[in-house]
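Colleague: Have a look at the structure that comes next, please.
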Amino acid sequence: MKRIGTFLIAVVLIAGVTGCPDPDPDPDFVEIWGWYDLDAIREDLDGNYVLMINLDSTTAGYPELAGPAANDGKGWEPIGSVGLLSVRVGRTGKSWTSSHAHPFRGAFDGQGHEIKDLYVDRPGEDGVGLFGCVGEQGVIQNTGVVNAHVTGSSGVGGLVGWNRGGSVSNSYATGSVTGGSSAGGLVGVNEGTASNSLFTGSVTGDDIAGGLVALNWGGTVTESHSAGSVTGGSSVGGLVGSNGAVISNSYSTSSVTGDDLVGGLVALNWGGTVTESHSTGSVTGEQYVGGLVGCIQYGFQ
């Protein structure tokens with residue numbers, strides 16, 4: 001990996017999502033030129049990184065690190081970890097427990113490049129995605145994850161499994177995301193910011209599934225959208241499964257299918273606010289079903 005002293009900030013256009021990255025003006029960025037470089041990020045979770053090229057199944061290191069045969073069939077090992085044990089949000093309350101986390105707290109700028117063909121098959125693990133956990137002050141921006149296959153237990157996302165106070169912006173993911181609880185197309189659990197971003201593909205989860213974000217817990221989702229399909233049991237939303245924070249200027253065209261608490265935009269709104277947002281996809285469910293929101297406890301605008 002090569003180090004560069006300065007980084008040129010450019011206006012970025014990613015799959016129809018526009019925005020201006022704004023990292024610190026003079027950080028010591030580490031250049032990422034392949035899968036081995038990307039894998040080495042876990043050695044310094046507080047570092048600053050910039051992706052220089054597209055990565056895919058033909059890039060050196062893919063079979064050993066990010067393909068179906070990597071790590072005894074588990075595929076990619078997520079960058080940053082969170083000891084998520086359980087997550088539950090329902091009409092009667094919410095709870096989760098977690099052990100000590102090792103989140104990514106640095107900055108990762110994809111510069112509009114794509115990370116393709118990512119394979120993660122870890123159904124017994126929590127905090128699963130390209131990045132497993134992003135902590136406070138962590139920044140992920142201008143990054144595309146394309147044709148991903150991501151499977152985990154709780155806190156599962158195409159780009160980030162659990163955003164614990166960081167920022168995800170001007171980014172997108174496509175492919176399939178599957179989880180037992182809190183499966184989101186882009187981010188599984190969001191306690192930070194997700195902005196100017198999108199997901200296109202399929203999301204499947206037993207409990208709390210969202211086309212963009214599964215569980216928006218104390219975070220903000222803004223100027224983002226989802227397309228494709230979201231399927232699950234309880235708390236299944238086209239954009240967000242369960243919302244306890246802020247959603248604004250966002251929309252979903254995803255088709256949504258679930259059993260209990262099913263919404264075209266949000267399945268369950270339990271104290272969060274939703275403004276200037278809409279949904280246009282089909283919605284199918286058995287109880288607490290809505291074209292926009294499945295169930296509103298309070299706080300909806």
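The values are calculated or read from the model by the stated rules, or taken from the named source; none is laboratory data. All values derive from a computational prediction rather than experimental measurement. Cβ coordinates were reconstructed from backbone atoms using ideal geometry, including for glycine residues, and neighbour counts include every protein chain displayed. Surface accessibility is based on the protein's heavy atoms, side chains included, excluding ligands, DNA and RNA. Shrake-Rupley method; radii C 1.70, N 1.55, O 1.52, S 1.80 Å.
Colleague: Quick one: how many residues across the stretch 284-293 are assigned to a strand (DSSP E or B) and more than 22 Å from the chain's Cα centre (by Cα)?
Modeller: 5
Colleague: Only residues in the stretch 159-182 that are closer than 17 Å to G232 by Cα count as the first member; pair them with residues that are surrounded by fewer than 23 Cβ atoms within 10 Å (Cβ to Cβ) and of a type in the set (V, I, T), Cβ under 8 angstrom, at least 6 apart or cross-chain, and list the lot.
Modeller: G175/V146; S176/T204; V177/T151; V177/T204; T178/T151; T178/T204; G179/T151; G179/T204
Colleague: Return a yes/no flag: does the stretch 267-282 have any residue that is touching a residue at least 40 places away in the same chain (Cβ under 8 Å) and either under 17 Å from the mean Cα position of the chain (by Cα) or over 20 Å from A194 (Cβ atoms) (or both).
Modeller: Checking the stretch 267-282: not a single residue is touching a residue at least 40 places away in the same chain (Cβ under 8 Å) and either under 17 Å from the mean Cα position of the chain (by Cα) or over 20 Å from A194 (Cβ atoms) (or both).
Colleague: On to the next question. Filter the stretch 142-156 for residues that are under 12 Å from the mean Cα position of the chain (by Cα) and either within 22 Å of G47 (Cα to Cα) or of a type in the set (D, E) (or both) and give the result.
Modeller: T143, G144, V145
Colleague: Give the residue that is most open to solvent (accessible area, probe 1.4 Å), with candidates limited to residues of the stretch 260-283 that are assigned to a loop (DSSP other than H, G, I, E, B) and on the phi < 0 side of the Ramachandran plot.
Modeller: The extreme case among them is T280.
Colleague: Still on this structure, please answer the following. Output the residue which, of all residues in the stretch 169-190 that are at pLDDT 95 or above and polar (S, T, N, Q), is surrounded by the fewest Cβ atoms within 10 Å (Cβ to Cβ).
Modeller: S176
Colleague: Provide a single number: the residues in the stretch 73-90 that are modelled with pLDDT of 65 or more and part of a strand (DSSP E or B).
Modeller: Residues meeting the conditions: 5.
Colleague: Residues of the stretch 107-136 being touching a helix residue (DSSP H, G or I) at 6+ places or on another chain (Cβ under 8 Å) and either open to solvent by 40 Å² or more (accessible area, probe 1.4 Å) or under 14 Å from R42 (Cβ atoms) (or both), which ones?
Modeller: F108, Y119, D121
Colleague: Can you go through T257, T193 and tell me which one is under 12 Å from the mean Cα position of the chain (by Cα) and open to solvent by 20 Å² or more (accessible area, probe 1.4 Å)?
Modeller: Being under 12 Å from the mean Cα position of the chain (by Cα) and open to solvent by 20 Å² or more (accessible area, probe 1.4 Å) holds for just one of T257, T193, which is T193.
A quick yes/no check of all residues on (1) closer than 22 Å to S167 by Cα; (2) open to solvent by less than 20 Å² (accessible area, probe 1.4 Å):
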{"site": "Y36", "(1), (2)": "no, no"}
{"site": "D39", "(1), (2)": "yes, no"}
{"site": "Y49", "(1), (2)": "yes, yes"}
{"site": "D56", "(1), (2)": "no, no"}
{"site": "A60", "(1), (2)": "no, no"}
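Colleague: Sticking with this one: Pull out all pairs, ordered by first then second residue, where Cβ-Cβ is under 6 Å, the residues are six or more apart or on different chains, the first lies in the stretch 215-235 and is more than 17 Å from A173 (Cβ to Cβ) and touching a residue at least 40 places away in the same chain (Cβ under 8 Å), and the second is part of a strand (DSSP E or B) and open to solvent by 20 Å² or more (accessible area, probe 1.4 Å).
Modeller: As it stands, the answer is S234/D207; S234/D260, since those pairs meet every condition given.
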